[in-house]
Amino acid sequence: MDNLKNDKKILFLSLLAVITFIVVVVGATYAYFVAQGGTSANTNVNVQTNTTDALSFQVGNPINFSINQENFGQGMESQRGSTIASATLTANNATNTATENYYVYLNITSNDFEYTTEDEQAELLLKVTDPDGTEVTTLGNLERKTSGGETGFDITTATGLITIAANYEIIANPQTTQEWNVEIVFVNLDSDQNANTGKSFSAELIIQKEAMSTSLGNFATYITNLYTEDGVNDLYYHDGAGTYGTLEAGDNSYRYAGANPNNYVCFGATGADCQNGDNQYRIIGVFGNQVKLIKHDYVGSNLLGTDGAYTSSTYSNTSSSYYKGSKTTINRYYWNNSTNNNNWNESNLNTVNLNTNYLNNVGSTWASKIAEHTWRVGGNTSENIFNVAVKSAYTNEITSPAEATTYNAKIGLMYVSDYGYAASPENWNTNMGLLNNDTNRNNNWMFMGLNEWTISRQSDFIDRVFFLTDSGYVRTNYVSDVYGIRPSFYLASTVEISSGTGTSTDPYVLKVN
């Protein structure tokens, strides 16, 4: 009898355990992470600044986020990990005063998180508190967001070095300790975050007297190294023998294609101003050893000026469902209002607005990063450009134009074929004059929604130029008409990248010095 009771008890406990396990598994709707981090210092670095002054540093443990099934569950708190970095300066016995400077970096050594919501709500937030106990609200080009009731810098997809403090001053009289506090928050969005299941994040603080090189290397090389096969990272290699064979340009370029690839670049700034629309550009592709950019949004008179081909006529109605830009009023420019012919070398838009005003307004530091390029401006007929698919348009526009006319300058506009190859590959066999349905428009990151000039002339007319229509297809019109402008240019082959992941909120940032 006792054995029977024991058997029943064991059976009951077993069933209870199974039921409990099922409840836990069924309740695992949202992904949560266990944060590992600490504020106890585990590293000491002493810097003897002269015979008696001494500067020392301490850092806390790294921060690691990892999946833990036991912490899956709806309604739980956001997960957190924190660490510290401190600097202590001790002055000499003679003066009892000393002043030094140091640098603090967050080095994200691994991060394969992704956004799980369509509007890219932040899922990893960085919070920094300075030695005065004040929360830092500006940090390089990182965007500050509020997500799930938490506010901080969005580092959901960030990797590499983030500068926390640069050349920060510490004064001792006779001794001072400054402590930086860093917290990483995995935010509970109360939505399905299971796409991040199995993902991990690791970061460490670095504090030292010398500045670290923030360069990730040559920009063109960095981008081409992202390519592994066609479509990965939205990059396509156009060698003419790849996945899409004869549809490819065949120029060995690496081009971005699709709806919204991570090809955003900050040009004209390095810090918080990267979120300014005037500093946002996108990568058309890598050609040889140069990265080709185009301005993300239409350019304004603040960069192109109000002389040359400028007109006071603007696009003031931006309610079009096609329009993807951010401006409320778009400046428009003639292609050529000086002689009414379609010779690019005579166009005021080229000589005055783009290659004088624009270069002056971006400043010498940034203008020096732009390479002088030989633009192919011979053009071709409408039959050879918009009544053909993009491969033929490329051949007729770039390889074998109607005239072998070129123009050397830093700034130009998009080629018709640039636009064609920015579409996802399933559109590469569609005539350029028929790219006007939702499938074409929604799968071409270069489409913005307003009439826009290209650099290519219609060769069988003396006063017509190809332009991108507000419906997404290519047509021609008179040079005396006025459309939107997006400058395009090739970066110098020596330009380096310092940070960024290429998203709109974390664009690639170029190394300035």
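The values are calculated or read from the model by the stated rules, or taken from the named source; none is laboratory data. Just so we're clear, the structure is a prediction, and the values are computed from it rather than from any experiment. Backbone-built Cβ (ideal geometry, glycine too); neighbour counts: all protein chains shown. Quick note on the areas: whole protein, heavy atoms, side chains included, nothing else; ligands and nucleic acids left out. Shrake-Rupley method; radii C 1.70, N 1.55, O 1.52, S 1.80 Å.
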Vicinal HN-Hα couplings computed from phi for the stretch 266-271 (Karplus, 6.51 cos²θ - 1.76 cosθ + 1.60; Hz; Gly/Pro x): 8, 10, x, 7, 9, x
Shape box of the chain [Cα atoms, principal axes, largest first, Å]: 98, 86, 43
Going out from 0 in 5 Å bins, what whole percent of all Cα-Cα distances in the stretch 129-270 drops into each bin? 2, 6, 12, 15, 15, 14, 12, 10, 7, 4, 2, 1, 1, 0, 0
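About its Cα centre, how strong a charge dipole does the stretch 374-513 have in debye, to the nearest 20, once Lys and Arg get +1 and Asp and Glu get -1 at the Cβ? Can you show the working numbers first?
Working: 9 positive and 13 negative charges, 49 e Å.
I would put it at about 240 debye.
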Summarise the accessible area of the chain (1.4 Å probe, protein heavy atoms) by the percent that is carbon and sulfur. 44 percent
The whole-number value in µm²/s of the Stokes-Einstein translational diffusion coefficient for the stretch 199-261, with Rh from the Kirkwood sum over alpha carbon pairs at 25 °C and 0.890 mPa s, is 169 µm²/s
With all pairs of different alpha carbon atoms counted, what Kirkwood hydrodynamic radius in Å does the stretch 369-496 show? 14.8 Å
Taking Cα atoms, how many degrees apart are the long axis of helix 2-26 and the longest axis of the chain, rounded to 10 and kept between 0 and 90? 30 degrees
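Any idea what % of Cα-Cα pairs in the stretch 58-168 are farther than 19 Å? Don't jump to the answer; show the numbers that get you there.
Values: 3404 of 6105 pairs.
Percentage above 19 Å: 56.
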Spatial separation of Cα centroids for the stretch 218-262 and the stretch 313-371, in angstrom: 28 Å
Those trypsin sites (Lys or Arg not before Pro) in the stretch 68-157 that DSSP places in a loop and that have at most 15 other beta carbons within 10 Å: none
Return the inverse of the average 1/r over all pairs of distinct C-alpha atoms in the stretch 330-443, which is the Kirkwood hydrodynamic radius, in Å to one decimal. 15.7 Å
Send over the semi-axes of the stretch 444-484's equivalent ellipsoid, whole angstrom and largest first, taken as the square roots of 5 times the C-alpha gyration tensor eigenvalues. 19, 10, 7
Along the positive direction of the dipole of the stretch 94-156 (beta-carbon charges: Lys, Arg +1; Asp, Glu -1; about the Cα centre), which of 153, 111, 137 reaches farthest? 137
Could the peptides 52-58, 306-312 be put in order, highest first, of the mean number of other beta-carbon atoms found within 10 Å of their residues? 52-58, 306-312
Find how many whole Å separate the alpha carbon centroid of the stretch 163-187 from the alpha carbon centroid of the stretch 122-155. 15 Å
Please give the per residue accessible area of the chain, computed with a probe of 1.4 Å over protein heavy atoms only, in Å². 42 Å²
Give or take rounding to whole Å, what are the principal axis extents of the alpha carbon atoms in the stretch 246-383, in descending order? 42, 41, 38
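Write down Rg/Rh for the stretch 218-301, rounded to two decimals, with Rg from the C-alpha atoms and Rh from the Kirkwood relation over Cα pairs. Please list the in-between numbers first.
Details: Rg = 14.0 Å, Rh = 13.7 Å.
Value, to two decimals: 1.02.
Cross-link list 295/410; 369/410; 127/209: which exceed 18 angstrom alpha carbon to alpha carbon? Write out the running numbers ahead of the final one.
Numbers: 295/410 14 Å; 369/410 10 Å; 127/209 23 Å.
Checking Cα-Cα distances, 127/209 exceed 18 Å.
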Sorted peptide list for 259-265, 402-408, criterion being average Cβ within 10 angstrom, highest first: 259-265, 402-408
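Ranked from highest to lowest mean number of other Cβ atoms within 10 Å per residue, what is the order of the peptides 343-353, 101-111? Working shown, then result.
Details: 343-353: 21.3, 101-111: 18.5.
Ranked from most to least packed, the peptides come out as 343-353, 101-111.
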Under the Debye formula (equal points on every Cα, no solvent term), log10 I(q)/I(0) of the stretch 146-213 at q = 0.29 Å⁻¹: -1.55
Bins of 5 Å from zero: percent of alpha-carbon pairs in the stretch 441-513: 3, 13, 17, 16, 14, 13, 11, 9, 4, 0
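Tally Lys/Arg at +1 and Asp/Glu at -1 over every other residue whose Cβ is under 14 Å from the Cβ of residue 474; what's the total? Before the final figure, lay out the partial values.
Values: positive: 441, 457, 464, 475; negative: 383, 397, 418, 452, 470.
Local net charge: -1.
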As a Kirkwood estimate from alpha-carbon pairs, the stretch 390-435 has a hydrodynamic radius in angstrom of 11.7 Å
